[in-house]
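I'd like to ask you about the structure that follows.
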Amino acid sequence: MVSKKHTVLIVDDTESNIDILLELLGSEYDILVSLDGENALHIVENEKIDLILLDIMMPGLDGYEVCHILKSKPDTEDIPVIFITAKTDEDSIEKAYEVGGIDYVTKPFKPRELTARVKTQLKITDLMHHLENIASYDEMTGIYNRRKFFELSLKRFKERTESLFGVMIDIDNFKNINDSYGHDIGDKMIKAVTRTINEHLHEEAIFGRIGGEEFAILCNLASKETILSIIEEIRVDIENLEILTQDGDVVKCTISEGVAEKTVDISSLDELLKQADLALYEAKGEGRNRVIFR
């Protein structure tokens, strides 16, 4: 598998400097170019940028202002900025770090120094992304883990409270599957259930694995009827799932689901999910393989 090239944005009002940087970096990275700060901010809004090489002295917005704006926005604050500058006095360098720059390279460029600094910062960025993935995603299923689910759901609960639904899902009698067929089949079942649920969810839904065979969803939908239709479709599709063992046995499962809607009486995410959890237990108590709405 060929790894995707990193995208580097070069911001410099001097075309000869851009030509030098293109010559040094163009074969290894996808390069975007801007001759001024305003256009650079526009590019960053519309493209996925992995690193910015930013000149300090430019007409209009200078490099300090551009960096300050980038670092003030959640969508761009984590993009590493390396300043490229002819200014080598301590005050200028200190200000570059104060506004959020992660490194600086002086003009005229030293090719090995420049390429090494770019490569180092991109390696650090890749490592940070990798660590974030480990901290945020469930290793087995690839969906959000418990910590990330609650982090994102708490933010959603505060920002978009209209037509907000919480869903708790549990695989019925999962221990029996593990005991009868082994944990490998149990793991396959969890992965298959995850994929099936994911296929039905809108991309804005927050979906996480919060325990061994327990899942949770937080989503905004138009109505109670809409969410119940989706959750019932999930239940039916999972009821029809089949996992084959090495011996040719067919293993099936069902799920129970509890759904709750945010009302004026529910003031916290915990309360909403507690209501969904109570509905889930009600579904279990009524015989499993069903959806209960509270």
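The values are calculated or read from the model by the stated rules, or taken from the named source; none is laboratory data. The structure displayed is predicted, hence computed values, not measured ones. Here the Cβ positions follow ideal geometry from the backbone for every residue, glycine too, while neighbour counts run over all protein chains shown. Note: areas computed on protein heavy atoms with side chains; ligands, DNA, RNA excluded. Shrake-Rupley method; radii C 1.70, N 1.55, O 1.52, S 1.80 Å.
Among V105, V264, V99, what's the order by accessible area (1.4 angstrom probe), most exposed first?
Putting V105, V264, V99 in descending order of accessible area: V264, V99, V105.
Which percent of the accessible heavy-atom area of the range 42-137 goes to carbon and sulfur, probe 1.4 angstrom?
That share works out to 54 percent.
Ok, one more. Find the accessible area per residue for the range 164-231; the probe is 1.4 Å, ligands and nucleic acids are left out, and the unit is Å².
Averaged over the residues of the range 164-231, the accessible area is 43 Å².
Treating only the Cβ atoms of Lys and Arg (+1) and Asp and Glu (-1) as charged, compute the dipole magnitude of the chain about its Cα centre; round to the nearest 20 debye.
660 debye
Quick one: Karplus J couplings for the range 177-194, per residue in order, coefficients 6.51, -1.76, 1.60, θ = phi - 60°, nearest Hz, x for Gly and Pro?
Values per residue, Gly and Pro as x: 5, 4, 5, 7, 10, x, 5, 4, 5, x, 5, 4, 5, 4, 5, 5, 4, 4 Hz.
Keeping all protein chains in position, work out how much accessible area M128 exposes to a 1.4 Å probe, and write it in Å² to the nearest 10.
110 Å²
Rounded to a whole number, what is D in µm²/s for the range 134-182 from Stokes-Einstein with the Kirkwood radius over alpha-carbon pairs (10 °C, 1.306 mPa s)?
So the translational diffusion coefficient is about 119 µm²/s.
Let me ask something else. Considering only protein heavy atoms and a 1.4 Å probe, what is the carbon-and-sulfur percentage of the accessible area of the range 146-215?
43 percent
With respect to the cross-link table entries K119/K155; K5/K188; K73/K148; K148/K252; K48/K71, which display a Cα-Cα separation exceeding 26 Å?
K119/K155; K5/K188; K148/K252
Oh, and also: Angle check, please: helix 269-285 long axis (alpha carbons) against the longest principal axis of the chain (alpha carbons), in degrees 0 to 90, nearest 10.
Between the helix axis and the principal axis of the chain, the angle is about 30 degrees.
Identify which of F207, F109, F165 has the largest mean-square fluctuation in a Gaussian network model of the chain, with springs joining Cα atoms closer than 10 Å.
Of F207, F109, F165, the most mobile in the Gaussian network model is F109.
Another question, if that's okay. Answer rounded, prolate or oblate for the range 108-261, using the Cα gyration tensor with square roots of eigenvalues a ≥ b ≥ c: rounded when a/c is under 1.5, else prolate when a/b is larger than b/c, else oblate.
oblate
Regarding the chain, what's the average projected area of the Cα-atom convex hull, expressed in nm²?
19.9 nm²
How high is the relative contact order of the range 23-173, in percent, counting Cα pairs under 8 Å that sit 6 or more residues apart?
It rounds to 16 percent for the range 23-173.
What nm distance separates the two modelled labels at S268 and V250, each placed 7 Å from Cα along Cα→Cβ?
Modelled inter-label distance: 4.7 nm.
On full extension of the chain, what length is gained from E214 through E77, given 0.36 nm per residue of separation minus the C-alpha to C-alpha distance?
Gain on stretching E214 to E77: 45.9 nm.
Evaluate 2.2 N^0.38 Å with N set to the residue count of the range 154-235, then give the Cα radius of gyration divided by it.
Normalised Cα radius of gyration, the range 154-235: 1.22.
Multiply the residue gap between H42 and K87 by 0.36 nm, knock off their C-alpha separation, and tell me the result in nm, one decimal place.
Contour length minus the Cα-Cα distance gives 13.6 nm.
Are there any GluC sites (Glu not before Pro) in the range 1-60 that are in a DSSP loop and have at most 14 other Cβ atoms within 10 Å? List them by number.
Listed in order of number, the matching sites are E28, E47.
Report, to the nearest 10°, how far helix 224-239 tilts away from the longest principal axis of the Cα atoms in the chain, using its own Cα long axis and a range of 0 to 90°.
So the inclination is approximately 70 degrees.
Could you give the radius of gyration (one decimal) and Dmax (whole number) of the Cα atoms in the range 1-121, in Å?
13.3, 46
Moving on to the next point. Contour minus end-to-end for K5 and E286, with contour as 0.36 nm per residue of separation and end-to-end as the Cα-Cα distance?
95.8 nm
Next question. Under a point spin-label approximation (7 Å from Cα along Cα-to-Cβ), what is the N133-H68 distance to one decimal in nm?
3.6 nm
Give me P(r) over the range 215-294, computed from all C-alpha to C-alpha distances, binned every 5 Å, as integer percentages.
3, 14, 21, 22, 16, 10, 6, 4, 2, 1, 0
Checking the cross-link filter: which aspartates and glutamates have an alpha carbon closer than 19 Å to that of K110, excluding same-chain neighbours under 8 positions apart?
Cross-link targets: D12, E15, D19, E23, E28, D55, D89.
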